[in-house]
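We did not get these values from a lab; they are worked out from the coordinates using the rules stated. Treat the numbers as computed from the prediction; the structure is a model and nothing was measured. So basically every Cβ, Gly included, is an ideal-geometry build from the backbone, and we count neighbours across all protein chains shown.
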Amino acid sequence: MSDSAATSPGAPALTSVQRRQVVWLTVGALVLYFAFRWMPTGTNLAHGDFRLEGDNVLEFCDPAAPQFLPVTTARSPVEFSVSPESVQPEQEVDFTFRLATSTGKPIAPVDLLISHTRKLHLMLVDPSLTDYQHIHPIPGEVPGEWHVSFAPKYAGTYRIFADFMPAVTARGLYASVDVDVPGTPQPLYHELSLVHRDGPYTFELSMDDGRVRARESTDLTLKIRHDDDAAVNLGEIMGSFAHLVAFDEKRSGFAHLHPQETDLESPPDLYEPELHFNITIPNSGRYVIWAQLILGDNELFIPFWFDVEP
């Protein structure tokens with residue numbers, strides 16, 4: 001078949017020179033595609049560095065589907081350690097945290113994505129679940145080392161959960177480590193309470209049908225009111241209007257929740273603000289949710305205690 005017969009009716013036939021140009025342009029485009037595909041992203045880690053073989057392995061978390069994560073009862077594909085491992089109550093100490101893959105490769109800032117304005121979130125809680133702190137370490141000179149100072153309020157073994165997002169997966173991942181604080185821990189038992197007062201403010205956490213059931217998605221509403229019906233000036237905290245963190249009594253894991261109201265240019269009602277969240281908790285038992293928010297110039301941590309039904 002001739003070249004002219006292979007073209008559409010009325011269309012001019014391609015010359016041999018034009019055909020060669022088309023071929024070279026196609027080859028060039030493919031070369032550029034694969035070059036960009038394999039171009040280094042700045043991290044020396046790969047997706048496989050955050051994978052473990054076998055059962056009971058901690059999975060990546062989809063930020064759009066928040067749920068309670070059993071961090072301590074599943075194997076994490078990262079190694080998380082701290083120094084020193086023991087401190088005294090109310091003693092401000094400089095801590096060094098080390099983050100590495102299961103094969104020992106250090107996890108540095110370049111290996112992590114920014115999530116809610118930070119690359120690494122640490123959530124600390126004592127055995128009684130009454131001292132909760134949310135801190136952000138800064139990277140050290142040694143790759144994989146992160147530094148931060150904090151002071152535990154009470155005695156007991158503090159559990160520290162790390163929340164981060166590897167650049168090669170773009171999904172949330174977690175780990176935990178303990179710090180010993182010598183002495184007698186605070187009592188664990190706490191009464192159920194979904195209403196909390198702090199100064200002139202009243203905070204209320206409510207569930208969509210008045211309760212939480214294990215393994216069922218539950219909608220939560222956080223309401224804030226001023227005693228004098230004055231304005232409630234919610235500030236921005238880590239790119240959001242509030243953060244909720246849930247713990248179980250055994251501190252086997254946590255859930256890190258963010259409000260559905262994501263547009264900071266459209267804040268909730270000034271006098272009766274409400275923020276909406278969603279959570280899924282796999283097991284029944286007693287839990288606490290700590291709300292972290294800014295009112296005026298003050299950062300507040302508000303606890304809510306509730307039971308999850310079977």
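Directionally averaged projected area (the range 133-197, Cα convex hull): 7.4 nm². Beyond 19 Å, the tail of the calculated P(r) for the range 49-181 holds 48 percent of the Cα pairs.
The aspartates and glutamates within cross-link reach of Lys105, meaning a Cα-to-Cα straight distance under 14 Å and a gap of 8 or more places when in the same chain, are Asp49, Glu79, Glu145. By other beta-carbon atoms within 10 Å, ranking Tyr287, Tyr189, Tyr132 with the fewest at the front produces Tyr189, Tyr132, Tyr287. Modelled spin labels at Asp307 and Ser284, positioned 7 Å past Cα toward Cβ, are 0.9 nm from each other.
Ranked by Cβ crowding within 10 angstrom, fewest neighbours first, how are Met165, Met238 ordered?
Ascending number of Cβ neighbours within 10 Å: Met238, Met165.
Note on Asp229/Thr117: beta-carbon distance plugged into 1/(1 + (r/R0)^6) with R0 of 30 Å gives a FRET efficiency of 0.40.
If the chain linking Glu85 and Asp180 were pulled fully straight, counting 0.36 nm for each residue of separation and taking away their Cα-Cα distance, it would gain 33.6 nm.
For Lys153, the lysines whose Cα comes closer than 22 Å to its Cα, not counting residues fewer than 8 places off in the same chain, are Lys250. Measuring spread by the Cα atoms of the range 131-249 yields a radius of gyration and Dmax of 18.3, 52 Å. So, R0 is 25 Å and r is the distance between the beta-carbons of Ser266 and Thr202; what FRET efficiency does that work out to, to 0.05? Computed FRET efficiency for Ser266 and Thr202 comes out at 0.55. Could you compute the FRET efficiency for Thr96 and Ile294, with r as their C-beta to C-beta distance and R0 at 45 Å, rounded to 0.05? Calculated value: 0.95. A cut-off of 5 Å between modelled amide H atoms, ignoring neighbours fewer than 5 places along the same chain, links Lys153 with Glu90.
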